[in-house]
Structures are given as structure tokens and as C-alpha cells.
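The next block holds one structure in the form of C-alpha cells; read it before the comments.
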Amino acid sequence: MEKTMESTASARGWAKRFFIREDVVYDDWSERCQPRSTVARVVYLLLYLLPGLVAAVAINVRPLFEAQLRLTHLSPRYLQLAWLLLITFGWHMASAFVLLRLLDGLSFRESLSYVGLNRIDVRGLLVVLPVFCVGFALVSVPYMQFVWAPLRAVCQAVPLFHIPAWSIFGGDPRGLYDFPPFALVLLFIGNFLGEELYFRGYLMKKSSFLGGANWAVNSFLFALYHLWQIPQTWPLVGLVFAVGLLMRMRKDLYVLIAFHLFLNMWLTFGEYPLARLMHMAR
């Protein structure tokens, strides 16, 4: 009995050492740049949702969207592309550095250190991440089959969550990849680098006053930010918790950027053939 308990404790210790990485620089920035007042803390939590709210109003409110079409002479599809680039490539990538300079007094070099762009977790990227991705892929298959579809139906039934007919998120999510290659490159940079820089590199440290719940709150608010993209994105809320969890374990921005890329590609292209293969194997 004692040997069994020792073996179990040893296995847990090995798993903890394998998956969890300590980063004193990360912890130091989290402590140094914490919002101290209640008002400031609420503002930083609202910053999770603000870009999504702006996009929702600009794209999903019909009179405002039609006014933009008349003003810009763009097609509905390319007006949405412009907003996507503005939010993901502009807001997410620029606002963190602007706010760190204006509110925290950090230099550009210090800001790079704060968000984690000046260091990389090689072991996490090459060893831990592949294992994490395999686990995520296995969990995502039953989730997509038994949770995503019912949750998507619930979201579609709520008038507040209704996606307008002109939305590029209203149909097959793979249709997003029909934009010209140059636009896709910018979207990829803005999505994988921009969102991770803003939500994990910047805001997750600012909300570390939440303690042990920080990674879960970060994940949930990140999912809620995508509310304007229902029905495709928000029903993935259960799987999005993996993003905050991975950041808590590795504390490395590049690992999260790589995982975000994997997550998007897997849920768009990879989950479907694997699910069919599993169905055929039954």
C-alpha cells in the first residue's frame, strides 16, 4: 500500500515537473504592474470584452453597418475583413504597448519583456505542446459531437445572439480562408499573435489579482469576447479553457501562439475527418 502511494506521488511529481514551468520574470511583472484599486481592476476585466463589443456594434448592427458600406464603398465581406484586421492586427497588437507606456510607464524594451516576446520556452514548444495538443484533440472530438452542436442551437435560438445574414461567421467557418493570401497572412498574424499578445501576454498578468481562478476567468472572458461571432466560435467555450490552462502551466507567449494556431486549424479542418474515422471504427 505504501509503495503504491509512493508510486502515485512520484508520478504526480513527474507530471507536474513535465507540464508546469516556473518563470520569475513572468511573476515579477504580474506583481509589479497589478491594478491596485477596485475600479482599475474592473476596467481591466472590461478590456477583455471591449474589442468584441466594438466589433459586434460595428458589424452586427444593421443601420450602422449599412452606413459604413455607403461611406467606404466596400462589399459587406471586405468591410468585415477591414474590421477584423483593425481589431486583431491593430487593437490587439498595439493597445498593450500603448497602455503599458501610458499607464505603467514602461519603455518599449520593458513592454516586450512584460508580454513575453523577448524569451521563449523551447522545451514547452517542442516537447510539452505536442503532448498537450494530442490530449486536446482527443477531448475535442466528443465535445464537438455532444456539446458544441446543442450549445450552438441554443445560441441561435436567442435573439440577442443572432448573427446577421451578411456575417462571414454565419456559415461554414472554413469560408474565412477564402480571402486573398496577403489578407490571410495579416489575419493569421493578428489572430494568433495579436490575440495571444493581448489576452495572455497583457491582460492575463493584469488580472492575476484573481489568484488561482485567473486562468479560468481569462479563458471564459476570452470566449465571451467572441460573442459577436456566434454561432461558430462561442459554443467552443468549453474547449477554450485549455488556452488559459496552458498559459498557467508554461507562462510563455510563444507556446500559446503555437497552440492557438493548432486550435484554429484543428477545429476548422482536423476534427471533422478524425470524428468520421472514429465513427467508422465503431
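All of the numbers you see were taken from the coordinates with simple rules; none came from a lab. These numbers were taken from a predicted model, which means no experiment stands behind them. We place every Cβ from the backbone using ideal geometry, glycine too, and count neighbours over all the protein chains shown.
Annotations
- Relative contact order [Cα under 8 Å, 6+ residues apart], the chain, whole percent: 31 percent
- Each 10 Å bin, from zero up to the one with the longest distance, holds this percent of the alpha carbon pairs of the chain: 6, 26, 33, 24, 9, 2, 0, 0.
- For the stretch 150-269: rounded, prolate or oblate by the Cα gyration tensor [a/c cutoff 1.5]: oblate
- Cα gyration tensor shape for the stretch 69-154, rounded if a/c is under 1.5, else prolate or oblate: oblate
- Net charge dipole, the chain: roughly 160 debye, given to the nearest 20, about the Cα centre with Cβ charges of +1 for Lys and Arg and -1 for Asp and Glu.
- Ordering of 82-91, 156-165 by burial proxy (mean other Cβ atoms within 10 Å per residue, highest first): 82-91, 156-165
- Mean Kyte hydropathy of -0.5 or more with a Cα span along the axis of at least 30 Å, helices from DSSP in the chain: 38-60
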